[in-house]
Amino acid sequence: MKRSCSQAGPTATGSTSLLDWGWNDTWADRAAELDGARGQPGRVVAQDRDRWSVQTAEGPVYARIVSGIQVPSAPVVGDWILVTPGPSASDPWTVTGLLPRISRLVRGAAGTGLEEQLLAANVDVVWVVHGLDAPINERRIERYLAVVWESGAVPELLLSKSDLSPDVDEAVAEAERVAVGVRVRTVSSVDADSVVRLRESTRAGTTVALVGPSGVGKSTLVNLLAPAANAATAAVRSKDHKGRHTTIRREIYRMEGGALLLDTPGIRELRLWSVDEGLDRAFPDIEELARGCRFRDCRHESEPGCAVVEAEAAGRVDADRVASYRKLRAEAEYQARKSDPVARKAALAEHKSAMKTMKYHQKYRREE
């Protein structure tokens, strides 16, 4: 494949280059390294069931996966893929290759949670949106940050509807206490300057994703930052400030200034998948304390010499935050046992060993 980052062609959005969709020399190198793959590069900007909307150098096209062509996995919004035109001009293009991803935003699939659900790929920054028309939900923020850190993207906490907060400074301070080491921003649809500051915080060619539950104002932000999107919006319920799902699919829009904005539907339940590194980065204060534990495999529950337990007892770390850390870790471990046969077998063996030990322990032996 010819290595180029300046392939041109008109598109329906007015873009004249793949550079406008995040293409660069790094992606050109990755495309050239695909063994036996043919076709031209394009970026998935939306998905409708079994068809993908793709921006190519020749403009926007629809693409599909056909039998007989091996693709590592189904593309998601944000992916860079290789495509070839169909036999006739009216046919969808064919997906022939998938470029290795630099980030993967993943959650446990709804329902049984036995499979991962890939929400988006190749995102640089994720704005975790929290509306200030409701109190700061620290536990929700911690969960989202763990998932985003694990993805390989950089999380930022975006406090929307700041005009509805009785004390914005206090809300920001509260958010910063839980989002340790994460940039916290505020924005309001009625404050044009805040929108401009938010837009100017992005860099051309980077991809920013919006995530959060329904009703936090993601669609409103899309319309403010990328007016051509014309995303549908709806009012939230007054009793609990929850919104209805107005965004029904993930889609990428070009922002003024050259950055790309990936909108996502509201998430009712953010199931954890694998968050080993993400959990540590979401709780850096607890991770720092854990370095002082006596045992390397300390679970920070009741082990002797646990620096986390000692700090919790002394009031040097918030007890609710420690409880949240334990809960998320336990949930991630449980998810791993459910989805991984090897992990499930190891957990069963450990349980049987513990029960056998208890059987012969003096404390649990029946008197003859």
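The values are calculated or read from the model by the stated rules, or taken from the named source; none is laboratory data. No experiment lies behind these values; they were computed from the predicted model shown. Don't worry about glycine lacking a Cβ; one is built from the backbone with ideal geometry, like all the others, and counts go over all protein chains shown.
Do you know which residues across segment 115-136 are surrounded by fewer than 18 Cβ atoms within 10 Å (Cβ to Cβ), outside any strand (DSSP E or B) and either acidic (Asp, Glu) or within 18 Å of the chain's Cα centre (by Cα) (or both)? Working first, answer last.
Residues of segment 115-136 surrounded by fewer than 18 Cβ atoms within 10 Å (Cβ to Cβ): 115-117, 133-135.
From what is left, the residues that are outside any strand (DSSP E or B) are 115, 133-135.
Within segment 115-136, 115, 133 qualify.
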From the option list 292, 258, single residue qualifying as on the phi > 0 side of the Ramachandran plot and either surrounded by fewer than 17 Cβ atoms within 10 Å (Cβ to Cβ) or at pLDDT below 90 (or both) is 258
Log entry, pairs with first residue in segment 181-192 being at negative phi, second being among the small types (Gly, Ala, Ser) and in a strand (DSSP E or B), beta carbons closer than 6 Å, six or more apart or on different chains, reads 187/160
Of the residues in segment 45-96, those that are touching a residue at least 12 places away in the same chain (Cβ under 8 Å), outside any strand (DSSP E or B) and on the phi > 0 side of the Ramachandran plot come to 78
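Residues in segment 160-167: is at least one out of contact with any strand residue (DSSP E or B) (no Cβ under 6 Å at 6 or more places or on another chain), without any contact (Cβ under 8 Å) to a residue 24 or more places away in the chain and in a helix (DSSP H, G or I)?
No, segment 160-167 has no match at all.
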Self-check item: residue 89 being of a type outside the set (Asp, Glu) and modelled with pLDDT under 90
Solution: yes
Within segment 137-159, residues being under 26 Å from residue 224 (Cα atoms) and part of a helix (DSSP H, G or I) number 5
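Results for (1) acidic (Asp, Glu); (2) touching a residue at least 12 places away in the same chain (Cβ under 8 Å); (3) over 30 Å from residue 119 (Cα atoms); (4) part of a loop (DSSP other than H, G, I, E, B), shown as yes or no for each residue.
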residue: 268; (1), (2), (3), (4): no, yes, no, yes
residue: 293; (1), (2), (3), (4): no, yes, yes, yes
residue: 300; (1), (2), (3), (4): no, yes, yes, yes
residue: 310; (1), (2), (3), (4): yes, no, yes, no
Selection from segment 189-221 of residues more than 29 Å from residue 21 (Cβ to Cβ) and surrounded by 15 or more Cβ atoms within 10 Å (Cβ to Cβ) yields 215
Out of (1) surrounded by fewer than 21 Cβ atoms within 10 Å (Cβ to Cβ); (2) in contact (Cβ under 8 Å) with a residue 12 or more places away in the chain; (3) more than 22 Å from residue 43 (Cβ to Cβ), the one residue 228 does not meet is (3)
Taking segment 97-114 and keeping residues under 17 Å from residue 267 (Cβ atoms) and in a loop (DSSP other than H, G, I, E, B) leaves 109, 110, 111, 113
